[in-house]
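Below: one structure, written as structure tokens.
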Amino acid sequence: MSDSTKFILIEEADERRINRKQLGMVAIGGLMAGLAFPPFPLNFLMFFAFIPLFQVIEKRESFSAINRATYLFAFVMSVVSLYWVGSWTPEADPFLKISGVMLIFFNPIFFLIPSTVYYMARKVVGKRVALVLFPLIWVFFEYIYTVTEFRFPWLTLANSQTDFHPFIQIADIIGAYGISLVIVFINLAIYLALISDKKSAVKPAILAVFLFVVVLGYGFVYNGPDETNALKIRAGIVQPNLNPWNKWDAGNLNEQLKIYLDLSQKCVDNGAKIVVWPETALPVYLMNGRYNDKAARIRKFVNENDVVILTGMPDATFYTKNDSIPDEAKPLKNNGVYTHYTSYNSVLLFEPGKIQPQKYGKMLLVPFGEKVPYVEVIPFLGKLLKWEVGISSWNIGKEHVVFNTTAGKRKVSIAGSICIESIYPDFNARFVQKGAQLLAVVTNDSWYGYSSGPFQHKEIAKLRAVENRRNIIRCANGGISCFVDASGRTHQETNLFRREWITGDVSLLNTQTFYTQFPLLIPGIATIISSLIIILFILGFFRKKNAEDN
């Protein structure tokens, strides 16, 4: 073997060793990021998790090398924090388990958006400026991910800080995306301080401390509105704890409805004027005419107790060939009078003295679980990918609905979001923009057993409360149900997988925060800057290609 060959082999071995070391560092960063999310009490790790990633991607030159490191970071973070998505319970649907495994591998692909734009920025403005722009690029990714039908923005960085009460208070100005921006900037400042000499390290170190102190200081100085003298109304939450895989295990529909009404009566006896039931409380299209006796029982309860019931409920509209059939309607195969129908995962509001409930149809559906992404473009996927529980083909609701009602002789404007909708910041702000004084979240997290999922989902509601300074009534079929005040504090939290009811006084607030009025300010700025980078990169690419051709 020649000396030159030996040298090449030694050089290749060194490169492999360096690559393994770098990937190990990135994996540690992903582990730190994953452990920062609830229910682990390690949220502080998120302020350091990006440092190994910065160290590695700054040293790497090629597009593929940067993206490989980023994928590993996101993959490890996803495994640690999203392992529960497959619902590893004995009763779990096989399709859900497969989808959960696919999500762990598929979701990190979207995290290549910021690393790709960062690579482009390096070509446009150079390494160091690109690194400084990375926090904005990351926020661009967090927002842009929410506008596709593949969206699953569960790992928005701000969601890791929900238990850090003073730190999230500034969300009423900058929102969750702003908190994510601060987190990445603090990571970046610490990284720059660590790699600089003593003299040069001072400025980034001061910046990291400054950002942390300003955000924390705001939280200590302003801890939400004073709710002492706010108008209040007593609300009740019904947690029936029915088996989501087979609700008929609880008995027939009459028996299930009795469970709800009995628990609701206890809430009413304790002063509740609004009672909230969970997502898809009854497993039928209650208002389609076949279940008039069940709907009548609910109306009777509402009228006799002078109470308002807000409930999650499947809802459908059926069309004959003589009707004006909307484009999104699905065909029926029964050759009966009805030829098409639309179905929604809905919230219904039953009020005293009224026959028909107010309705809201869920607008943001769980990818694959409630709607196959872009099934209108690729119809056969809708038949191929369908849960055994038969809920993977809801229609998409068309508008934000705020329910205006009278409860306990007091006018109330309340909006209900369903399950995953509660994780979208600007989506919930629109309800408040339309006048919602109070927010409700109806959900069913029982699919995922006693895992991190229900705890994470409950914690995210704190950010929506702080962003808009609104009380939130959170009702989950098997828990966790609770009340969240306008400063993001949880009250009367229920236990998982128990049949319970709770009541509490919730404030009716009207003032709109800066964030509520301008929810897209920070993601808008991040999107403009990132889009400009992409455009300049593409123009530079074609200029270079033309120059080479000439």
Working out 0.36 nm times the residue gap between I355 and N292, then minus their Cα-Cα distance, what length gain in nm do you get to one decimal?
21.6 nm
Step through the residues of region 429-438 one at a time and calculate ³J(HN,Hα) from phi using the Karplus curve (6.51 cos²θ - 1.76 cosθ + 1.60, θ = phi - 60°), rounding each to whole Hz and writing x for Gly and Pro.
4, 5, 4, 6, 4, 8, x, 5, 8, 8
Determine the calculated [θ] at 222 nm for the chain from helices alone, applying -39500 (n - 2.57) to every DSSP H run no shorter than 4 residues and normalising by the residue count; nearest 500 deg cm²/dmol.
-15500 deg cm²/dmol
Taking only the alpha carbons of region 219-279, what extent do you get along each of the three principal axes, in Å, biggest first?
52, 27, 12
How much length would be gained if the chain were fully extended between I109 and F63, taking 0.36 nm per residue of separation minus their Cα-Cα distance, in nm to one decimal?
15.1 nm
Nearest 10 degrees, 0 to 90: what angle lies between the long axis of helix 112-125 and the longest principal axis of the chain (Cα atoms)?
40
Can you give the FRET efficiency to the nearest 0.05 for F44 and Y338, using r as the Cβ-Cβ distance and R₀ = 41 Å?
0.10
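Starting from the Cα-Cα distance between K544 and K198, subtract it from 0.36 nm times their residue separation and give me the gain in nm to one decimal. Spell out each step's value before the answer.
Numbers: separation 346, 0.36 × 346 = 124.56 nm, distance 4.01 nm.
Between K544 and K198, full extension yields 120.6 nm more.
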Under 5 Å, built H, 5+ apart or other chain: amide partners of V308:
I274, V275
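Applying a 10 Å radius around every beta-carbon, put 435-445, 186-196, 50-60 in order of their mean neighbour count, most first.
Numbers: 435-445: 25.0, 186-196: 19.6, 50-60: 21.3.
Per-residue Cβ counts within 10 Å, averaged per peptide and sorted highest first, yield 435-445, 50-60, 186-196.
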Can you tell me the orientation of helix 63-82 relative to the chain, as the angle in degrees between its alpha-carbon axis and the longest Cα principal axis, to the nearest 10?
40
FRET efficiency, I528 to K266 (Cβ-Cβ, R0 51 Å, nearest 0.05)
0.45
Which lysines have a Cα lying under 22 Å from the Cα of K273, excluding residues fewer than 8 positions away in the same chain?
K232, K258, K294, K300, K354, K359, K409, K411
Could you please state, rounded to a whole Å, how far the C-alpha centre of region 104-126 is from the C-alpha centre of region 133-172?
16
Give the separation of the Cα centroids, region 250-281 to region 520-547, in Å.
54
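Before anything else, pin down the relative contact order of the chain: Cα pairs under 8 Å, at least 6 apart, normalised by residue count, whole percent. Write out the running numbers ahead of the final one.
Details: 1055 pairs, mean separation 92.1, N = 550.
Relative CO of the chain lands at 17 percent.
Among DSSP beta bridges whose residues both lie in the chain, state the antiparallel percentage, nearest 5. List each step's numbers first, then the result.
Details: 37 of 55 bridges.
Counting only bridges with both partners in the chain, antiparallel ones make up about 65 percent.
Report the FRET efficiency, 1/(1 + (r/R0)^6), for R489 and K434, where r is their Cβ-Cβ distance and R0 is 25 Å, rounded to 0.05.
Values: r = 25 Å, r/R0 = 1.02.
It comes out at approximately 0.50.
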Which value results when the Cα radius of gyration for region 498-544 is divided by 2.2 N^0.38 Å?
2.39
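From the square roots a ≥ b ≥ c of the eigenvalues of the alpha-carbon gyration tensor of region 20-169, which class results: rounded (a/c under 1.5), prolate (a/b over b/c), or oblate? Display every interim value, and only then the final one.
Values: a/c = 1.71, a/b = 1.44, b/c = 1.19.
In terms of gyration-tensor shape, prolate.
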Residue-wise, which Karplus ³J(HN,Hα) couplings in Hz belong to region 498-504, taking 6.51 cos²θ - 1.76 cosθ + 1.60, θ = phi - 60°, and x for glycine or proline?
9, 7, 9, 9, 9, 10, x
If I histogram all Cα-Cα distances within region 281-347 using bins 5 Å wide from 0, what percent of pairs lands in each bin?
3, 15, 20, 22, 16, 11, 7, 5, 1
How large, in percent, is the carbon and sulfur part of the accessible surface of the chain at a probe radius of 1.4 Å?
61
For the chain (alpha-carbon point model, no solvent) the Debye-based log₁₀ I(q)/I(0) at q = 0.06, 0.12 Å⁻¹ works out to -0.33, -1.17
Helix 452-468: angle to the longest alpha-carbon principal axis of the chain, degrees 0 to 90, nearest 10?
90
Distance in nm between L216 and N322 label points, each 7 Å along Cα→Cβ, equals 7.2
May I ask you to order 114-123, 501-510, 204-213 by the average number of other C-beta atoms within 10 Å around their residues, highest value first?
114-123, 501-510, 204-213
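The values are calculated or read from the model by the stated rules, or taken from the named source; none is laboratory data. Note that the coordinates shown come from a computational prediction; the quantities given were computed from them, not determined experimentally. Heads up, the Cβs are rebuilt from the backbone with ideal geometry, glycines too, and the neighbour counts pull from every protein chain shown. Just the protein is used for accessible areas: all its heavy atoms, side chains included, with ligands, DNA and RNA removed. Shrake-Rupley method; radii C 1.70, N 1.55, O 1.52, S 1.80 Å.
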